[in-house]
Each structure stands twice: as C-alpha cells, then as structure tokens.
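Q: Following this message is one structure expressed as structure tokens.
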Amino acid sequence: MIKSNYLILSGLYFDFNDDLTDIIYVEKLFKNQTVLDLERFNDLKIIKFNVFSENQIKHLRLPKNIEIIGDWAFANNKIEILDLSNCIKLKNTGDTAFYKNQIKRLKLHTNIELIDCNSFLKNQIESLDLSNYTKLKHIVFNAFFKNPLNEIKILGNINIDYYDYSEYKEDLWTKFAKYYNENNKKEGDYKLENNKWQWYPL
C-alpha cells in the first residue's frame with residue numbers, strides 16, 4: 001500500500017462533483033506529483049478526457065468501480081507499471097489513454113472487452129500477456145504501436161486492426177497484427193525471432 005504522505009487528497013489537488021463519481025477539476029499544484037492513488041474512492045466511475053495528462057505520474061491506483069477512462073486521460077506521464085486488475089467494471093481502455101508513458105508491465109482485469117486506438121502507443125512493453133482475457137473482442141488500430149515487443153500471448157479470434165501502409169509496416173505491433181490475422185487469428189504464444197513473428201502453442 002502506498003504510504004499516506006503520497007496520498008492525493010480531495011480538495012487539495014482536485015475537485016469532485018457532488019456525488020463523487022467524477023473529477024471535475026485538477027489544480028495546478030498536482031503537476032509535480034508522482035503518485036495518484038484513487039483506490040479508496042469507490043464512488044468514482046469516470047476519469048474524463050485529458051484530465052491527468054502531461055504530468056509526472058509514476059504510480060497509479062484506480063478504484064474497483066471505475067467504468068470509463070477518457071481519451072488521453074493519462075497521456076504523457078511516467079507510469080512504469082500499470083495494474084488495473086482490480087477495475088472490475090472497466091471494459092474499454094480509452095483512446096490514447098496511456099500514450100507516451102514508460103509502461104513496461106501491464107495488467108488489466110479479465111472483464112476487458114476492447115483495447116482502444118493508441119491506448120498504449122509509445123511505451124516500453126516487451127512482453128504482453130493477453131492469454132487470460134476471455135472477454136477481449138477487439139484491439140483497435142495502433143493500440144501497442146511503438147513498443148519494443150518481443151513476445152505476445154493471446155487467445156484466438158480477436159479482431160486486431162492494423163494499417164498496412166509503408167510507414168507502419170516495420171513497427172513490431174503492426175507486424176504482429178498482420179501475422180496474427182494471416183495466421184487465422186490463432187491462439188498462441190507469439191515470439192519475435194530474427195525480427196519476424198513466430199507462432200507457438202500456449
């Protein structure tokens with residue numbers, strides 16, 4: 001548990017709406033904070049568009065009842081480990097929500113259904129394990145674009161979008177998405193070998 005001297009207190013750094021389901025304003029004082037711990041705010045359901053972007057957040061905890069993470073909500077921070085496995089009501093990661101952080105390890109709840117466009121663009125993910133996400137149906141364009149990926153474990157029959165344009169073709173995520181689709185969306189442990197993706201059984 002993160003110690004209380006890091007805890008972000010309501011009223012000091014941000015304001016809630018009347019029923020505590022939404023953060024309506026973030027003070028400029030928050031700018032240099034490295035920890036955002038909202039885990040105890042169980043009524044909080046929405047993180048709005050862009051609300052915590054362009055900050056110094058390294059450690060993030062969200063409450064279990066969060067339902068919506070808005071587009072660009074946590075873009076341009078310094079998050080290294082993202083664990084949203086307690087967020088049982090979160091079904092969509094949000095467009096560009098975690099763009100340009102430093103995420104190396106990612107864990108979502110198994111209720112996740114959609115990983116949105118650019119959600120984890122420009123992070124540091126090398127190993128991506130999606131093999132437990134039985135409800136995951138769709139990964140939208142460039143969700144993991146520009147990550148140093150070398151292994152992806154994934155279930156079968158997931159719709160994965162990709163751009164087959166020359167400026168995207170050499171990206172590791174684009175190469176994976178294309179190979180996965182050409183491999184009949186087969187469940188497996190995909191490994192990068194000699195800059196090419198290879199399929200292995202889970």
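Q: Within the stretch 133-158, track down each residue that is among the polar types (S, T, N, Q) and touching a helix residue (DSSP H, G or I) at 6+ places or on another chain (Cβ under 9 Å).
A: Correct list: Asn142, Asn147, Asn150.
Q: Do we find that Tyr200 is in contact with a strand residue (DSSP E or B) (Cβ under 6 Å, 6 or more places away or on another chain), surrounded by fewer than 15 Cβ atoms within 10 Å (Cβ to Cβ) and without any contact (Cβ under 8 Å) to a residue 40 or more places away in the chain in this structure?
A: yes
Q: Among the residues that make up the stretch 170-180, is at least one of them in contact with a helix residue (DSSP H, G or I) (Cβ under 9 Å, 6 or more places away or on another chain), of a type outside the set (Phe, Trp, Tyr), surrounded by fewer than 17 Cβ atoms within 10 Å (Cβ to Cβ) and without any contact (Cβ under 8 Å) to a residue 24 or more places away in the chain?
A: No, the stretch 170-180 has no match at all.
Q: Right, something else. For residues that are surrounded by fewer than 13 Cβ atoms within 10 Å (Cβ to Cβ) and part of a strand (DSSP E or B), tally how many sit in the stretch 183-197.
A: Count: 2.
Q: Also, quick follow-up: Can you pull out the residues in the stretch 165-182 that are under 19 Å from Ile115 (Cβ atoms) and in a loop (DSSP other than H, G, I, E, B)? Outline the logic, then answer.
A: Within the stretch 165-182, the subset under 19 Å from Ile115 (Cβ atoms) is 168, 171-181.
Listed by number, the residues that qualify are Tyr168, Asp171.
Q: Just wondering, is there one or more residues in the stretch 93-111 that are at positive phi and either at pLDDT below 95 or not charged (D, E, K, R) (or both)?
A: So far as the stretch 93-111 goes, yes, one or more of its residues are at positive phi and either at pLDDT below 95 or not charged (D, E, K, R) (or both).
Q: Could you tell me which numbered condition Glu126 fails, if it satisfies all but one of (1) of a type outside the set (Phe, Trp, Tyr); (2) out of contact with any strand residue (DSSP E or B) (no Cβ under 6 Å at 6 or more places or on another chain); (3) more than 22 Å from Phe49 (Cα to Cα); (4) crowded, with 21+ Cβ neighbours inside 10 Å?
A: Of everything listed in (1) of a type outside the set (Phe, Trp, Tyr); (2) out of contact with any strand residue (DSSP E or B) (no Cβ under 6 Å at 6 or more places or on another chain); (3) more than 22 Å from Phe49 (Cα to Cα); (4) crowded, with 21+ Cβ neighbours inside 10 Å, Glu126 misses just condition (4).
The values are calculated or read from the model by the stated rules, or taken from the named source; none is laboratory data. Small disclaimer: the values here were computed from a predicted structure and weren't measured. Cβ sites come from the backbone with ideal geometry, for glycine too, and all protein chains shown count toward neighbours.
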